[in-house]
Structure formats: C-alpha cells, structure tokens
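The values are calculated or read from the model by the stated rules, or taken from the named source; none is laboratory data. If you're wondering where the values come from, they're calculated on a predicted model, not measured in any experiment. Glycine gets a Cβ as well: all are built from the backbone with ideal geometry, and neighbour counts include every protein chain shown. These area figures cover heavy atoms from the full protein model, side chains too; ligands, DNA and RNA do not enter into them. Shrake-Rupley method; radii C 1.70, N 1.55, O 1.52, S 1.80 Å.
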Amino acid sequence: MRIVADTGRCIGAAVCALAVPEIFDQDPVEATVVVLDPAPPPETHEAVREAVERCPSGALRVDGSTVSART
C-alpha cells in the first residue's frame, strides 16, 4: 500500500487525521493533510482505506488509484 495526497485538493476537514493519527496529520499553517507514513504497515491498511474513502475532498489515493468516487 502506498498513500498519495493531493494537498491542493485537501480542504482541511481532518477526517483522515482523526481516523488514523499515526498515519495522517495536518500541516499547522495550511491545515492540509500530511502523510506521516506513505507506506503504512499492514495492520493499518483497513483503517487507512476507510479514512481515504471518507475524505470529503477526495484528496487521498491508495496504490496509485483513486479510492474515492468523489469528483
């Protein structure tokens, strides 16, 4: 699993950071997503996928393909 974040698309909702704080954080100035571990350990994959799917802006992707259908 590899996580890719589009900070230009991120709206700073922090859904990901609240769901999996060991993997996602927010930039203290821009309030956009910061991926702490772009290749997270297997035990976090399910939680990461769920956080990516819940991203309201669709700014997160996993494995180079979009998980969210939002446009």
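Side notes on the structure shown:
- Scan of segment 9-25 for residues that are more than 13 Å from residue 62 (Cβ to Cβ) and touching a residue at least 40 places away in the same chain (Cβ under 8 Å), ordered by number: 9, 10, 11, 13, 15
- Selection from segment 17-62 of residues that are β-branched (Val, Ile, Thr) and touching a Lys or Arg at 6+ places or on another chain (Cβ under 8 Å): 52, 62
The rows are residues; the columns are (1) in contact with a helix residue (DSSP H, G or I) (Cβ under 6 Å, 6 or more places away or on another chain); (2) modelled with pLDDT of 95 or more.
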position: 12; (1), (2): no, yes
position: 22; (1), (2): no, yes
position: 29; (1), (2): no, yes
position: 32; (1), (2): no, yes
position: 60; (1), (2): yes, yes
position: 63; (1), (2): no, no
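- Taken across segment 26-48, residues that are β-branched (Val, Ile, Thr), touching a residue at least 24 places away in the same chain (Cβ under 8 Å) and open to solvent by 80 Å² or more (accessible area, probe 1.4 Å) do not occur at all.
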